[in-house]
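To start, the structure itself, in structure tokens.
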Amino acid sequence: MTKEMDMMEQFQQYVDGENKVEPKHWMPEAYRKTLIRQISQHAHSEVVGMLPEANWITRAPSLRRKVALLAKVQDEAGHGLYLYSAAETLAADRKDMIDDLLSGKAKYSSIFNYPTPTWADIGAIGWLVDGAAIANQVMLCRTSYGPYARAMVKICKEESFHQRQGYEIMMTLAKGSPEQKKMAQDALNRWWWPSLMMFGPTDEHSPNSAQSMKWKIKRKSNDELREEFIDKTVPQAEYLNLTIPDKDLKWNEDRQSYDHGEIDWDEFYNVIKGRGKCNKQRMAARNKAHEEGAWVREAANAYAEKQEARKQKQKGAA
Amino acid sequence: MSNKDNWKIWEVFIRSRNGLSHKHVGSLHAPDADMAIKNARDVYTRRSEGISIWVVPSDEITASNPEENEPLFTPADDKVYRHPTFYDIPDEIGHM
């Protein structure tokens with residue numbers, strides 16, 4: 001056995017023993033690369049995820065809703081930062097990651113390429129999109145890479161408020177006037193399927209999943225997570241008296257789980273390839289924000305340099 | 001100019017309340033220590049997680065090498081006599 005194979009074998013045993021991998025540990029190059037890709041995409045998703053919601057901050061229907069939405073969007077920025085930091089522990093460079101997002105080279109969750117035309121979308125995003133994200137993130141709290149797992153624990157604690165504020169918006173609308181109820185139903189109709197797609201392709205079409213499961217980066221398959229999400233969400237929709245837009249959705253007594261209709265994977269791949277409704281808009285907004293923030297970064301640099309120079313001068317004088 | 005990368009990485013330590021030690025919570029980027037504190041406040045204490053912040057440049061931290069874990073840490077494993085339970089004291093003596 002070569003030394004490399006020996007190390008791989010040891011690494012696998014270590015991970016199989018439910019031990020956490022930490023930044024300075026030896027790890028297979030592919031493990032490191034997979035994590036950098038996954039964590040940076042996750043970070044980008046948090047950052048781009050601010051855009052569809054920020055759209056409604058100025059038009060939130062009350063101050064209570066506005067402060068909640070502001071806090072949520074601020075959290076997403078924080079989550080992006082936790083994740084970029086986790087990726088940096090693998091020797092990824094923050095600037096490279098951000099450049100890749102801005103140039104369009106890096107991917108982020110396709111869900112954020114859907115538009116938010118009504119206030120009910122903010123409710124549906126919190127309830128469904130954050131709900132789906134939580135299902136995935138709760139699993140990732142047990143991921144084998146320590147810094148990623150720790151970032152997830154922090155994120156999960158904060159996400160729970162996100163989902164609750166979304167569901168509360170849905171409750172208010174669903175109990176409101178016929179128009180409001182219609183808005184809620186319309187948002188559910190538009191967000192249901194894209195939310196299911198957030199878990200990624202079916203297990204048989206997810207070629208990288210097996211290796212990620214073996215390394216315990218992922219702890220549950222895409223389909224498992226998707227089904228858990230559906231089982232949890234259906235009763236929540238029933239409570240709202242809203243109808244999930246899937247005529248094939250049916251409780252399966254044998255499996256003790258819901259059967260669901262066919263997901264439109266063509267739509268999924270189309271949006272990934274950049275042909276979603278808002279891909280261009282999101283990238284343009286992100287680039288604009290980055291450019292418009294340039295003077296702040298410059299000023300902070302200049303100030304730090306000036307302070308440092310002053311300190312050096314004082315040292316010299318003393 | 002704007003992209004000049006002198007925003008170094010800082011490790012952040014937070015004391016959650018008086019009486020407890022500062023604990024490592026994560027890292028962030030900032031051009032200087034003052035900004036690092038301000039950023040740490042926004043990133044790591046949005047929900048009253050802390051009452052005191054330390055920031056330390058990441059490259060100022062020296063870490064032990066995991067490959068040397070054996071010589072560093074295993075010598076302590078066979079020194080059971082360093083623990084109170086190693087010593088037999090009769091029950092009637094009470095808590096000691």
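The values are calculated or read from the model by the stated rules, or taken from the named source; none is laboratory data. Just so we're clear, the structure is a prediction, and the values are computed from it rather than from any experiment. Cβ atoms come from the backbone with ideal geometry, glycine included; neighbour counts cover every protein chain shown. Ligands, DNA and RNA are excluded from the accessible area calculation, which covers all protein heavy atoms including side chains. Shrake-Rupley method; radii C 1.70, N 1.55, O 1.52, S 1.80 Å.
Between residue A:100 and residue A:33, what is the label-to-label distance in nm when each label sits 7 Å out along the Cα-to-Cβ direction?
1.1
Specify the inter-centroid distance of region A:58-92 and region A:170-221, based on alpha-carbon positions, in whole Å.
20
Residue B:8 versus residue A:6, label points 7 Å from Cα toward the beta carbon: distance in nm?
For residue B:8 paired with residue A:6, the spin-label model returns 3.8 nm.
Would you work out what percent of the accessible area of the protein assembly as shown, with all protein chains in place, is carbon or sulfur (probe 1.4 Å)? Could the numbers behind the result be given before it?
Values: 12640 of 23320 Å².
Carbon and sulfur together cover 54 percent of it.
Can you work out the accessible area per residue across region B:4-91, with the rest of the protein chains kept in place, probe 1.4 Å, in square angstrom?
Working: 6210 Å² over 88 residues.
Heavy-atom SASA per residue in region B:4-91 reads 71 Å².
Sum up the lysine pairs in region B:4-91 that clear both bars: alpha-carbon distance under 24 Å and a spacing of 8 or more or different chains.
On the way: B:4/B:38; B:8/B:23; B:8/B:38; B:23/B:38.
The result is 4.
Using a simple spin-label model with points 7 Å from Cα along the Cα→Cβ vector, what separation in nm is obtained for residue A:308 and residue A:272?
Once both label points are built, they end up 4.3 nm from each other.
Under a Cβ-Cβ cut-off of 10 Å, what is the net charge of the residues other than residue A:68 that fall near it, where Lys and Arg count +1 and Asp and Glu count -1? Intermediate values should be presented prior to the final figure.
Working: positive: A:64, A:65, A:66, A:72, A:164; negative: A:168.
That sum, taken over residues with Cβ under 10 Å, equals +4.
Take the Cα radius of gyration of chain A and divide it by 2.2 N^0.38 Å, with N its residue count; two decimals is plenty. It would help to have the intermediate numbers written out before the result.
Numbers: Rg = 22.0 Å, N = 318, 2.2 N^0.38 = 19.6 Å.
Cα Rg divided by the expected 2.2 N^0.38 Å: 1.12.
Find the sum over both chains of the accessible area lost when B and A are paired, probe 1.4 Å, and report it in Å² to the nearest 100. Could you put the intermediate results ahead of the total?
Numbers: alone 8150 and 17260 Å², together 23320 Å².
The buried area between B and A, both sides summed, comes to about 2100 Å².
Ranked from highest to lowest mean number of other Cβ atoms within 10 Å per residue, what is the order of the peptides A:3-11, A:146-154?
Working: A:3-11: 12.0, A:146-154: 20.2.
Output ranking for A:3-11, A:146-154: A:146-154, A:3-11.
Calculate the FRET efficiency for residue A:203 and residue A:287 from the Cβ-Cβ distance with a Förster distance of 25 Å, rounded to the nearest 0.05.
Details: r = 36 Å, r/R0 = 1.43.
E(calc), rounded to 0.05, equals 0.10.
Projecting each Cα onto the charge dipole of region B:26-86 (Lys/Arg +1, Asp/Glu -1 at the beta carbon, about the Cα centre), which of B:81, B:27, B:39 comes out farthest on the positive side?
B:39
Which chymotrypsin sites (Phe, Trp or Tyr not before Pro) in region A:22-76 sit in a loop by DSSP (not H, G, I, E or B) and have at most 15 other Cβ atoms within 10 Å of their own Cβ?
Within region A:22-76, the qualifying chymotrypsin sites (Phe, Trp or Tyr not before Pro) (loop, at most 15 other Cβ atoms within 10 Å) are A:26.
Per residue, how many Å² of accessible area does chain A show with a 1.4 Å probe? Walk me through the numbers before you get to the answer.
Values: 16230 Å² over 318 residues.
Per residue, chain A has 51 Å² of solvent-accessible surface.
Where does each of A:66-72, A:290-296, B:30-36, A:183-189 land if you order them by average Cβ count within 10 Å, highest first? List each step's numbers first, then the result.
Numbers: A:66-72: 17.6, A:290-296: 11.3, B:30-36: 19.4, A:183-189: 21.4.
Those peptides, ordered most packed to least, come out A:183-189, B:30-36, A:66-72, A:290-296.
Can you pull the mean other chain C-beta count within 10 Å for peptide A:51-59? List each step's numbers first, then the result.
Numbers: counts 0, 0, 0, 0, 0, 0, 0, 0, 0.
Going residue by residue through A:51-59 and averaging, the value is 0.
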